[in-house]
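> Okay, handing you the structure first.
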Amino acid sequence: MTKLLNCITKKETSYIPVWFMRQAGRYLPEFREIRKNNKDFIKLCLNETLTPDITLQPLKRFDLDAAIIFSDILMVPYGMGQKVEFKKGLGPILKSFDLEKIVEGDATSFINKLQPIYNSISKVKNRVKSKTVIGFVGAPWTLLVYMLNLQSPKKGFNFTSFVSNKPLIPKLLKKLEDTIYLHIKKQIEAGADVIQIFDSWAGLLPKNELNDYCINPTKEILKRLNNKVPVICFPRGIKEGYLDFCLKVKPSCISIDYDLDPNWVKENLRDFCIQGGLDPKILLSDNENIKQNVQKYLNIFTDMPYIFNLGHGVLPETRPETIKLVVDLIRNK
């Protein structure tokens, strides 16, 4: 069993595993070189030759404990039949779709469209022996937001108008639940040791809506998975709602965002394996500040099962040398 799996399943505290969300990507010059010649992001995620190489690029540079497959949460809407494009400076742009057609879409067509992802996971699994292979998905709420908002909801998102104008939301949410479960199942069959569920826009939900849109759909997926592999959940931005989420969903590990006070986490989520927390912007500051902040998290979670990670993905401006500095700090603790 890998060290990361030991930390999650056996609550091992003597070793701190480390990996980074978005560790394969834009901050690495070798990735930018590939991206220059592969403008279509969706096609790149489905490229069985390049995807395993991109996934393993950070492991060639740094002493990390996990390889997370190079992919995107929006591969699920794409697999369901929605057109998805990534435009420079704008991020993802999704096209309107026939809701009934999406809801009636069949599993075979979805699997066929995303089969290259599963093949890439198998290839990565064959190339790493002592490391954990992580697969991932977006949570139902976050994918629902992208599918109906047609872009990132960073500005001017209003929950009330969002749900009141969409009478078919419950049906689409259920379809997403089923499809996400299928996508997870196929990743596990391909060799993923751990799955992370990203609910990146959970923080947009009013407190009284967390159960219906964030907690219950994720809980249902974990129930269906029936402990096939450990699942890390990341309901970003729900503040103290993390406690309710953990008690109801019971994830194998909970990934915390940088708005949560790690001392609050230690006090309230003691029974859970904790991952992450550090603000990615800290990695853009000077080395002394980085060291102090990394050490803060290591000190707080010293007697708990803890996986070092960030409170969100590595920023594109991050220097690879900074990632090495952080990994070295953890290894030399």
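> Going by the conditions given, is Ile16 among the hydrophobic types (A, V, I, L, M, F, W, C), surrounded by 16 or more Cβ atoms within 10 Å (Cβ to Cβ) and part of a loop (DSSP other than H, G, I, E, B)?
Yes; evaluated as a whole, the condition is true for this residue.
> Name the residue, out of Ser96, Ser109, Ser71, that is at pLDDT below 95 and of a type in the set (Ser, Thr, Tyr). Explain how you work it out, then say what you get.
Values: Ser109 fails: at pLDDT below 95; Ser71 fails: at pLDDT below 95.
Going through Ser96, Ser109, Ser71 in turn, just one is at pLDDT below 95 and of a type in the set (Ser, Thr, Tyr): Ser96.
> Any idea which of Leu329, Leu283 is without any contact (Cβ under 8 Å) to a residue 60 or more places away in the chain, crowded, with 21+ Cβ neighbours inside 10 Å and not small (Gly, Ala, Ser)? Reasoning before the result, please.
Numbers: Leu329 fails: crowded, with 21+ Cβ neighbours inside 10 Å.
Result: Leu283 is the single residue among Leu329, Leu283 that is without any contact (Cβ under 8 Å) to a residue 60 or more places away in the chain, crowded, with 21+ Cβ neighbours inside 10 Å and not small (Gly, Ala, Ser).
> May I pose another question? Just to confirm my filter: which helices (runs of 4 or more DSSP H) fall fully inside region 228-333 and include at least 2 residues that are of a type in the set (S, T, N, Q) and in contact with a Ser or Thr (Cβ under 9 Å, 6 or more places away or on another chain)? Show your work before the answer.
Values: elements: 241-249, 262-268, 287-300, 320-331.
Hits in region 228-333: 287-300.
> Just the residues that are among the β-branched types (Val, Ile, Thr) and either free of Cβ contacts under 8 Å to residues at least 60 places away in the same chain or closer than 17 Å to Leu176 by Cα (or both), please, taken from region 87-126.
Just the residues of region 87-126 that are among the β-branched types (Val, Ile, Thr), to begin with: 93, 102-103, 108, 111, 117, 121, 124.
If the condition is that a residue be among the β-branched types (Val, Ile, Thr) and either free of Cβ contacts under 8 Å to residues at least 60 places away in the same chain or closer than 17 Å to Leu176 by Cα (or both), then Ile93, Ile102, Val103, Thr108, Ile111 are the ones that fit.
> I've got another one for you. Name the single residue that is nearest to Ala192 (Cα to Cα) among those in region 228-273 being of a type in the set (A, V, I, L, M, F, W, C) and touching a Lys or Arg at 6+ places or on another chain (Cβ under 8 Å). Outline the logic, then answer.
Taking region 228-273 and keeping what is of a type in the set (A, V, I, L, M, F, W, C), we get 229, 231-234, 238, 243, 245-247, 249, 253-254, 256, 260, 264-265, 269, 272-273.
Now narrow it down to the ones that are touching a Lys or Arg at 6+ places or on another chain (Cβ under 8 Å): 249, 260, 273.
Values: Val249: 21, Leu260: 29, Cys273: 19 Å.
Residue satisfying both the conditions and the ranking: Cys273.
> Can you pull out the residues in region 19-31 that are over 17 Å from the mean Cα position of the chain (by Cα), in contact (Cβ under 8 Å) with a residue 40 or more places away in the chain and surrounded by fewer than 16 Cβ atoms within 10 Å (Cβ to Cβ)? It would help to see each step written out before you state the result.
Taking region 19-31 first, the residues over 17 Å from the mean Cα position of the chain (by Cα) are 27-31.
Filter once more, keeping what is in contact (Cβ under 8 Å) with a residue 40 or more places away in the chain: 27-29.
Within region 19-31, just Pro29 meets the criteria.
> Among the strands (runs of 3 or more DSSP E) confined wholly to region 21-133, which include 3 or more residues that are under 25 Å from Tyr258 (Cβ atoms)?
The strands (runs of 3 or more DSSP E) meeting that bar are 66-68.
> Which condition breaks for Lys129 when tested against (1) without any contact (Cβ under 8 Å) to a residue 12 or more places away in the chain; (2) among the charged types (D, E, K, R); (3) more than 27 Å from Asn309 (Cα to Cα)?
(3)
> Also, quick follow-up: Go through the residues of region 215-222 one by one and say whether even a single one is modelled with pLDDT of 95 or more, more than 28 Å from Asn158 (Cα to Cα), of a type outside the set (Asp, Glu) and not in a strand (DSSP E or B).
Taking region 215-222 first, the residues modelled with pLDDT of 95 or more are 215-222.
Now restrict to residues that are more than 28 Å from Asn158 (Cα to Cα): 222.
From the residues that got through so far, the ones that are of a type outside the set (Asp, Glu) too are 222.
Imposing the further condition that a residue be not in a strand (DSSP E or B) reduces the set to 222.
Scanning region 215-222, I find at least one residue that is modelled with pLDDT of 95 or more, more than 28 Å from Asn158 (Cα to Cα), of a type outside the set (Asp, Glu) and not in a strand (DSSP E or B), so the answer is yes.
> Give the residues of region 1-48 that are of a type in the set (Gly, Ala, Ser) and more than 21 Å from Asp271 (Cα to Cα), sorted by residue number.
Answer for region 1-48, where residues must be of a type in the set (Gly, Ala, Ser) and more than 21 Å from Asp271 (Cα to Cα): Ala24, Gly25.
> Which residue out of Ile256, Ile323 is surrounded by 14 or more Cβ atoms within 10 Å (Cβ to Cβ) and under 16 Å from the mean Cα position of the chain (by Cα)? Walk me through it before giving the result.
Numbers: Ile323 fails: under 16 Å from the mean Cα position of the chain (by Cα).
Result: Ile256 is the single residue among Ile256, Ile323 that is surrounded by 14 or more Cβ atoms within 10 Å (Cβ to Cβ) and under 16 Å from the mean Cα position of the chain (by Cα).
> Here is a check on your reading of the model: is Thr142 polar (S, T, N, Q), closer than 26 Å to Gly89 by Cβ, part of a helix (DSSP H, G or I) and touching a residue at least 12 places away in the same chain (Cβ under 8 Å)?
On the way: polar (S, T, N, Q): yes; closer than 26 Å to Gly89 by Cβ: yes; part of a helix (DSSP H, G or I): yes; touching a residue at least 12 places away in the same chain (Cβ under 8 Å): yes.
So Thr142 fits the description; yes.
Every residue, every condition in (1) over 30 Å from Ile300 (Cα atoms); (2) free of Cβ contacts under 8 Å to residues at least 60 places away in the same chain; (3) touching a Gly at 6+ places or on another chain (Cβ under 8 Å); (4) not basic (Lys, Arg), yes or no:
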{"residue": "Ile8", "(1), (2), (3), (4)": "no, no, no, yes"}
{"residue": "Thr13", "(1), (2), (3), (4)": "no, no, no, yes"}
{"residue": "Ile42", "(1), (2), (3), (4)": "yes, yes, no, yes"}
{"residue": "Cys45", "(1), (2), (3), (4)": "yes, no, no, yes"}
{"residue": "Asp63", "(1), (2), (3), (4)": "no, no, no, yes"}
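> Give me the pairs: first residue in region 166-192 and on the phi > 0 side of the Ramachandran plot and at pLDDT 95 or above, second residue outside any helix (DSSP H, G or I) and aliphatic (A, V, I, L, M), beta-carbon distance under 6 Å, and six or more apart or on different chains, which are they?
If the second residue must be outside any helix (DSSP H, G or I) and aliphatic (A, V, I, L, M), the pairs left are Gly191/Val133.
Table: residues versus (1) on the phi > 0 side of the Ramachandran plot; (2) among the acidic types (Asp, Glu); (3) surrounded by fewer than 23 Cβ atoms within 10 Å (Cβ to Cβ).
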residue	(1), (2), (3)
Ile197	no, no, no
Ala202	no, no, no
Leu210	no, no, yes
Tyr213	no, no, no
Asn216	no, no, yes
Lys223	no, no, yes
Asn226	yes, no, yes
Ile238	no, no, yes
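> When the residues of region 32-55 are filtered to those that are within 19 Å of Lys324 (Cα to Cα) and crowded, with 18+ Cβ neighbours inside 10 Å, which remaining residue is nearest to the chain's Cα centre (by Cα)? Steps first, please.
Here is the first cut: in region 32-55, the ones within 19 Å of Lys324 (Cα to Cα) are 32, 54-55.
Imposing the further condition that a residue be crowded, with 18+ Cβ neighbours inside 10 Å reduces the set to 54-55.
Numbers: Ile54: 17, Thr55: 14 Å.
Out of the qualifying residues, it is Thr55.
> Every residue in region 248-272 that is of a type in the set (A, V, I, L, M, F, W, C), touching an Asp or Glu at 6+ places or on another chain (Cβ under 9 Å) and within 26 Å of Glu220 (Cβ to Cβ), please.
Within region 248-272, the subset of a type in the set (A, V, I, L, M, F, W, C) is 249, 253-254, 256, 260, 264-265, 269, 272.
If we keep only those that are touching an Asp or Glu at 6+ places or on another chain (Cβ under 9 Å) as well, we get 260, 264.
Leu260, the sole residue that qualifies.
The values are calculated or read from the model by the stated rules, or taken from the named source; none is laboratory data. This structure is a prediction, so every number in the text was calculated from the model and none was measured. Don't worry about glycine lacking a Cβ; one is built from the backbone with ideal geometry, like all the others, and counts go over all protein chains shown.
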